[in-house]
1. Using only the Cα atoms, work out Rg/Rh for region A:28-72, with Rh taken as the Kirkwood radius, to two decimals.
2. Take A:GLN247 and B:LYS118, extend 7 Å from each Cα along the Cα→Cβ direction, and tell me the distance between the two endpoints in nm.
3. At 0.36 nm per residue, minus the direct Cα-Cα distance, what do B:GLN99 and B:GLN141 gain on full extension? Give it in nm, one decimal, please.
4. Using θ = phi - 60° and the Karplus curve 6.51 cos²θ - 1.76 cosθ + 1.60, what whole-Hz ³J(HN,Hα) does each residue of region B:64-81 get, with Gly and Pro shown as x?
5. Sequence-distant or interchain residues sharing an amide H contact under 5 Å with A:LEU30, placed H: which?
6. With only Lys, Arg, Asp and Glu charged, each at its Cβ (+1 for the first two, -1 for the last two), find how big the charge dipole of the protein assembly as shown is about the Cα centre; round to the nearest 20 debye.
7. Can you pull the percent of Cα pairs in the protein assembly as shown with separation above 31 Å?
8. Once chain B is represented by equal point scatterers at the alpha-carbon sites, with solvent omitted, what log10 I(q)/I(0) does the Debye formula produce at q = 0.21 Å⁻¹?
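Just so it is clear, none of the values below were taken in a lab; they were calculated from the coordinates. Values in this document were obtained by computation on a predicted structure and should not be read as measured data. Please note: Cβ atoms are built from the backbone with ideal geometry, for glycine as well, and neighbour counts cover all protein chains shown.
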Amino acid sequence: MLLPKFNFYEPKTQGEALSIMNEYGLKAKLIAGGTDLLANMKRKLLSPDALVGISEIEEFKNLEISDKTIKIGSCFTVSAIAESAVIEKKISALAVGARALGTPLIRNLATIGGNLGSARPAADIPPSLIAYNAKAVLKSVSGERTVLLDKFFKGPGFTEIQPNEILTEIIIDIPDGYYGAGYINLGIRKAQDCNIVNVASFVSLDEPNGVINSARIVMGCVGPTHLRANAAENILIGNKPSEKLFQEAAKIAESECKPIDDFRASAVYKKAMIRVLTKRTLDIAVKEASLK
Amino acid sequence: MKQIINLTINDKKYEVAVDANLTLLDLLRYQLGLTGAKKGCELGDCGACAVIMDGKPVNSCLVLAVQANGKNITTIEGVEDENGLHPLQKAFVEKGAIQCGFCTSGMILSGKTLLDKKPNPTETEIKSAISGNLCRCTGYQKIIEAVQSVSCEG
């Protein structure tokens, strides 16, 4: 399988990368891990005039941790996320998602920015990040803007990123107090598999064993982009976690998702599994929150 | 237009001129004659093309040769030393973990990376470490036993 011909640029700095993207726009594609892009180019689905390699630019590879925020550079690899002790401690659901992605060989190449930029509705990284209310930083020669990941995805393969922009980092504000999140992906196999459905849930409590003061439930593979279960979230807020409450929320989430029948599973099955995974991820989230 | 890249493969330094659309796998196999890394699916599914790049096993079919500039690569050809085969290579032979042999180099490189990091892995850890390497002969049990046998000796 041959790759189509292209020019390869390897900018040394962020500024250089931004000016190349400004010049080429739609004719160029950024490449970091390349696990998605090169496979699509070999399948002749894409044939950009230029590839711009950004995986060696130091500022894109940083993991910056402070008391209040975690900043992950867009070229930080998925295996590095899976192995990071701080990510495991502060935002464990992201580490769970990272460990579920592809295979060890893929995870060593694949990057967080690539997983977001490729915008697959079944991707393993976005649900947890949306559940943590993460933001993406998009830069261009004319400036930078920050987009909430919840508003970032526009459809399969489409995002908020403009042709002259680069996704440079992901920012997660560490929530105050007692919070937790769970992520579960369901597939036929444990590795190298496309998810049938995946769910990430986040809750924060006003005190250990207290009432829920914020909740986010993110459902994957059941719409053109990841969907929020808004009504399910609303019934959680102001209530104490309980078996009955979570079953109720899971039922509502089931009614909020819009899966299609495909060769992976029927829509009916996917809906039922959204219910099961919503309940289970809420259980994980509350357990983690009460331990904080 | 060809680009000049410098990389280290099995402790030997190379300077080669490559096309931008050449993969690391094709560079190894067709320009450098290192055919230990196999060409399977070419899409990152099978792991037959695995090589160790800067200490981590990766699918060389999904790395551009130009992206391997400055990297340190180990292929299956670089696993044995002056004393002969690596203990894991010997174990694969002794335990019958090689059938057709097409997945073997990738399996050994994934297994070796795990053993270098964790000399006594659990069965689950072994299974997870080789989860990106497919064996179409389905000889997984013997492969897992081969990795286990080295960890017990170690």
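1. Details: Rg = 14.6 Å, Rh = 12.4 Å.
That ratio is 1.17, to two decimals.
2. 3.7
3. Numbers: separation 42, 0.36 × 42 = 15.12 nm, distance 1.20 nm.
Taking 0.36 nm per residue and subtracting the Cα distance, the gain is 13.9 nm.
4. Values per residue, Gly and Pro as x: 6, 4, 5, 6, 7, 4, x, 8, 10, 10, 10, 10, 4, 5, x, 7, 7, 10 Hz.
5. The list, which skips near neighbours in sequence, is A:VAL52.
6. Values: 52 positive and 49 negative charges, 218 e Å.
I would put it at about 1040 debye.
7. On the way: 44079 of 99235 pairs.
The proportion of pairs with Cα distances above 31 Å equals 44 percent.
8. -1.31
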